[in-house]
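**Student:** Dumping the structure here so I can ask a few things about it.
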Amino acid sequence: MATATLKSSDMEISSFVEDLTRVQKALADSLRLQILRLLKNESFGVLELCRILDIRQSALSHHLKVLSTARLVSTRREGNSIFYRRAFLADEDKFRDIKRSTFDVIDNFPVPDKQAQKIKQIQLERAELSLSFFNRNSDKFKEQQGLIVEHGDYSASVHDIIDNLGMSSNASVLEVGPGEGEFLVELAEKFKTLYALDNSKDMLEKSHDAAHAAQHSHVSFVLGDTGVARNKNISADLIIFNMVLHHISSPAKTFKDSSQLLNESGYLLIIDLGSHDQDWVRESCGDLWLGFDNEDLDYWANKAGLTTEQSSYLGLRNGFQIQMRVFKKPAR
Ligand SMILES: C[S@@+](CC[C@H](N)C(=O)[O-])C[C@H]1O[C@@H](n2cnc3c(N)ncnc32)[C@H](O)[C@@H]1O
């Protein structure tokens, strides 16, 4: 009996040491540390990382495998590509402290200029892809979007969530990406200060027409993205992204901007698709992201200083899942 205990504890120790060695080895490489640094707030596909780091895919794949085996990065499939991001450090991860402290050290270093420029270029290309879709398809947008979900399928649940936030009609509300303005009109019935922010001129005009037809003259229309809204010093008690985040090239930056735009104790409401593998939505609906894992949204929100509040999930008959997530900017 004693021998059996000894053996099993010997095995435990040796597997612990092996795992520890794997983590330490994974961290003992300058390129892998650079990769982890790049993935601080972002996720990138393999080809994007090759561009940023200026290395061949075969070389990069080896390093990504080492990082992934040591549970330093995690992956998600986006159609035919695999995207990498830093792994969430779970409480039960035996090497959490080592990983955490390494992340803290590398995060103190800025990304080299050359790499930062390439990241900017990649984000620009992703954003242009999305913008050009809406500029080309503004006329048939509704029918394309309807392939995934109709506003009526989940609008009652969204209104329940908003009503439960207990906001006064005097609260200032910003809807990012109102599209054809269906939801904007409903918000205009609830709130006296309402901004509509869309980076597509055609779509902004459509939401303008919808508000005008419903005789809501108190909506302010702004052409641009959350960066533009920040430059215009807009502030809001509630920011809503309704089926918009999956069109945005850098969700991490969007969460940061939103956090800046929010007043203290303000809310960010994200309504978006859960992670899925329906690749056709890229072509047909201009989606850049195939939905999101809820951990992804928590991660970006928490990095932006927002706390995770209530969540609601809705399964659709066509297999898509909608997540309605509330985040809050804490009072100082
Ligand atoms: C799929 S539509 C959603 C429209 C509407 N919220 C709905 O659910 O019907 C996405 C909208 O977001 C806009 N959009 C995409 N990226 C944006 C960005 N970075 N900033 C502001 N608007 C954006 C598009 O122009 C489009 O109007």
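The values are calculated or read from the model by the stated rules, or taken from the named source; none is laboratory data. Because the structure is a prediction, the values reported are computed rather than measured. Every residue, glycine as well, gets a Cβ built from its backbone with ideal geometry; the counts of neighbours run over all protein chains shown. Side chains are part of the model used for accessible areas, which takes the heavy atoms of the whole protein and leaves out ligands, DNA and RNA. Shrake-Rupley method; radii C 1.70, N 1.55, O 1.52, S 1.80 Å.
**Student:** Given the conditions (1) open to solvent by 40 Å² or more (accessible area, probe 1.4 Å); (2) modelled with pLDDT of 95 or more, which single one is not true for Leu314?
**Tutor:** In the conditions (1) open to solvent by 40 Å² or more (accessible area, probe 1.4 Å); (2) modelled with pLDDT of 95 or more, Leu314 misses (2) alone.
**Student:** Would you check if there is a residue in region 68-77 being over 24 Å from Gly291 (Cβ atoms), touching a residue at least 40 places away in the same chain (Cβ under 8 Å) and β-branched (Val, Ile, Thr)?
**Tutor:** yes
**Student:** Anything in region 66-92 that is of a type in the set (D, E, K, R) and modelled with pLDDT of 90 or more? List them, or say none.
**Tutor:** Arg71
**Student:** Sticking with this structure for a sec: Out of the residues in region 155-169 meeting the condition of being of a type in the set (Ser, Thr, Tyr), under 21 Å from Gly181 (Cβ atoms) and free of Cβ contacts under 8 Å to residues at least 60 places away in the same chain, tell me which one is most open to solvent (accessible area, probe 1.4 Å).
**Tutor:** Ser169
**Student:** Tell me which residues, restricted to region 62-105, are open to solvent by less than 20 Å² (accessible area, probe 1.4 Å), under 16 Å from Leu33 (Cα atoms) and not aromatic (Phe, Trp, Tyr).
**Tutor:** Answer for region 62-105, where residues must be open to solvent by less than 20 Å² (accessible area, probe 1.4 Å), under 16 Å from Leu33 (Cα atoms) and not aromatic (Phe, Trp, Tyr): Leu64, Leu67, Ala70, Leu72, Val73, Arg86, Ala87, Lys99.
Yes/no per residue for (1) closer than 17 Å to Pro178 by Cα; (2) touching a residue at least 40 places away in the same chain (Cβ under 8 Å); (3) assigned by TED's automatic domain parsing to the domain that holds Phe83:
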residue	(1), (2), (3)
Ala213	yes, no, no
His218	yes, no, no
Asn242	yes, yes, no
Leu269	yes, yes, no
Val281	no, yes, no
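**Student:** Being open to solvent by less than 10 Å² (accessible area, probe 1.4 Å) and among the polar types (S, T, N, Q) is true for just one of Ser258, Ser220. Which residue is that?
**Tutor:** Ser258
**Student:** Based on what the data block shows, is Phe88 touching a strand residue (DSSP E or B) at 6+ places or on another chain (Cβ under 8 Å) and part of a loop (DSSP other than H, G, I, E, B)?
**Tutor:** So Phe88 fits the description; yes.
**Student:** Could we say that Ala116 is out of contact with any Leu (no Cβ under 6 Å at 6 or more places or on another chain), outside any loop (DSSP other than H, G, I, E, B), of a type in the set (Gly, Ala, Ser) and within 16 Å of the ligand (Cβ to nearest atom) here?
**Tutor:** Criteria not met by Ala116.
**Student:** Something else about it: Restricting attention to strands (runs of 3 or more DSSP E) lying wholly within region 233-332, give those where 2 or more residues are β-branched (Val, Ile, Thr) and more than 14 Å from the ligand (Cβ to nearest atom).
**Tutor:** Fully inside region 233-332 and qualifying: 307-315.
**Student:** Same structure again: Any chance you could count how many residues in region 20-34 are open to solvent by 40 Å² or more (accessible area, probe 1.4 Å) and either touching a Lys or Arg at 6+ places or on another chain (Cβ under 8 Å) or part of a helix (DSSP H, G or I) (or both)?
**Tutor:** The qualifying residues number 8.
**Student:** Using the structure shown, decide if Trp300 is open to solvent by 50 Å² or more (accessible area, probe 1.4 Å) and of a type in the set (A, V, I, L, M, F, W, C).
**Tutor:** Answer is no for this residue.
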